[in-house]
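The values are calculated or read from the model by the stated rules, or taken from the named source; none is laboratory data. Note that the structure is a prediction, hence the values are computed from the model and not measured. So basically every Cβ, Gly included, is an ideal-geometry build from the backbone, and we count neighbours across all protein chains shown. The area values use the complete protein model at the heavy-atom level, side chains included, leaving out ligands, DNA and RNA. Shrake-Rupley method; radii C 1.70, N 1.55, O 1.52, S 1.80 Å.
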Amino acid sequence: MLKQVFNFYMVLRSCWIILLFQFIGFFALVVFEQGSDILATLSLSESGLVRQHTWASFIAVGWWSWQSWRSARVQIHFTSYDFAQFHKKYALRAQVLVPRALGVIPSLIFAYGLFKASSWGNPLVYLFLSLGVWLYIFFHLRKDIVVYLHSIKFFHQFKIPEYILIKNEAYPAKFIWAKQSRWIFFRLFCILLVFGLIMIKAVEFPQAIGSTAIVLFALGAWLVIGSFIAFAEKHYRFPFGFTIFLMLVGFSFFNNNHEIRRLETESAGRMQVEEHFMRWYKEQSAHYDTVPVVLVAAQGGGVRSSYWTAQILAELMTSNPALDSAIYAYSTVSGGTLGVATYK
């Protein structure tokens with residue numbers, strides 16, 4: 001029993017990069033509130049961009065799932081560790097089942113995120129659970145499908161590695177590289193195509209596919225890049241991933257884009273906070289017997305934070321028109337700053 005478990009552990013260990021991005025995807029779509037917000041906007045019952053974004057997300061989940069499955073197979077193919085040295089039968093089974101399971105997990109993560117953002121009454125939960133089932137069936141029957149398509153000469157115009165001759169034999173390294181290289185170039189083409197559309201149509205294309213699809217596509221795209229780095233580490237026996245991490249940490253000390261620009265000389269007319277507050281207080285005292293003092297603090301969080309900050313301030317202003325004059329100061333970060341600026 002321990003040998004069987006160890007076989008699965010070693011296969012999973014070789015696929016650590018796929019597990020890493022699935023953890024990232026889980027936190028982005030399920031744990032973080034921003035992820036729940038964008039999932040809550042998806043629907044099948046409304047027309048226009050909402051439904052369009054839903055189907056774009058469906059395709060993007062398939063992309064992430066495909067990259068997870070394909071990347072796991074590549075990592076296993078080019079891992080020098082002998083998985084069969086403990087138990088050959090279960091080593092082969094683990095090398096087959098683990099990539100399929102990793103390929104299904106993205107649709108399960110997405111379905112759980114939808115459930116958390118809405119409820120079991122959301123039909124999209126069942127749609128993406130069904131997607132996971134059909135993906136597993138496809139992964140299981142894909143070779144039979146290819147053999148059948150070969151038998152009816154569906155692929156006769158394409159130069160595709162022959163499955164029939166080696167279906168029940170070991171894969172030679174030359175065949176593996178010839179087959180995987182085609183998929184590698186195709187994956188790079190997909191990444192460059194979407195990236196190019198975003199660059200050319202910086203507003204129209206993201207609006208057409210929606211925030212959820214962009215996040216999902218990015219998870220799959222970065223997984224491809226991470227797989228290349230992991231493969232390079234095994235091939236050249238050099239820790240490229242750890243080196244990149246050290247570079248990120250090191251350059252962060254020299255590339256601070258949050259530094260505030262300073263004037264060469266201090267402004268002579270700038271008042272201290274205490275003095276400024278007392279002047280504001282005296283002006284308010286001329287209009288109120290009791291001076292209300294309101295301080296507004298808005299956190300960061302991109303579009304979500306800016307929307308909620310502006311919306312809450314607008315609602316408060318509608319219910320209490322005198323609120324604006326009672327606000328003394330705003331303390332904001334990132335998206336909260338945009339929300340205050342929009343409100344003002």
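A few comments on the model shown:
- Given (1) within 25 Å of the chain's Cα centre (by Cα); (2) open to solvent by less than 100 Å² (accessible area, probe 1.4 Å); (3) at pLDDT below 85, index of the condition residue 161 fails: (1)
- Those residues of segment 203-231 which are open to solvent by 20 Å² or more (accessible area, probe 1.4 Å) and of a type in the set (A, V, I, L, M), in sequence order: 203, 208, 209, 214, 215, 218, 225, 229
- Hits in segment 164-188 (condition: modelled with pLDDT of 60 or more and open to solvent by less than 100 Å² (accessible area, probe 1.4 Å)): 178, 179, 180, 181, 183, 184, 186, 187, 188
- Pair list, Cβ under 7 Å, 6 or more apart: segment 233-257 residue surrounded by 10 or more Cβ atoms within 10 Å (Cβ to Cβ), other residue among the aromatic types (Phe, Trp, Tyr): 233/240; 234/78
- Taking the numbered list (1) at pLDDT 80 or above; (2) farther than 30 Å from residue 241 by Cβ; (3) in a helix (DSSP H, G or I) in turn, residue 145 passes all entries but (1).
- Restricting the first member to segment 189-202 and to residues that are open to solvent by less than 50 Å² (accessible area, probe 1.4 Å), and the second to residues that are modelled with pLDDT of 90 or more and aromatic (Phe, Trp, Tyr), the beta-carbon pairs closer than 8 Å and six or more apart or on different chains are 190/63; 194/217.
- Residue list for segment 314-328, filter: open to solvent by less than 80 Å² (accessible area, probe 1.4 Å) and in a helix (DSSP H, G or I): 314, 317, 323, 324, 325, 326
- Residues within segment 300-313 that are over 22 Å from the mean Cα position of the chain (by Cα) and open to solvent by 80 Å² or more (accessible area, probe 1.4 Å), tallied: 2
- Condition met for residue 84 (at pLDDT 85 or above, part of a helix (DSSP H, G or I) and out of contact with any His (no Cβ under 8 Å at 6 or more places or on another chain)): no
- Looking across segment 283-299 at every residue that is surrounded by 11 or more Cβ atoms within 10 Å (Cβ to Cβ) and hydroxyl-bearing (Ser, Thr, Tyr), the one that is nearest to residue 36 (Cα to Cα) is identified as 288.
- Looking across segment 118-135, the residues that are part of a loop (DSSP other than H, G, I, E, B) and either surrounded by fewer than 17 Cβ atoms within 10 Å (Cβ to Cβ) or among the hydroxyl-bearing types (Ser, Thr, Tyr) (or both) come down to 118, 119, 120, 121.
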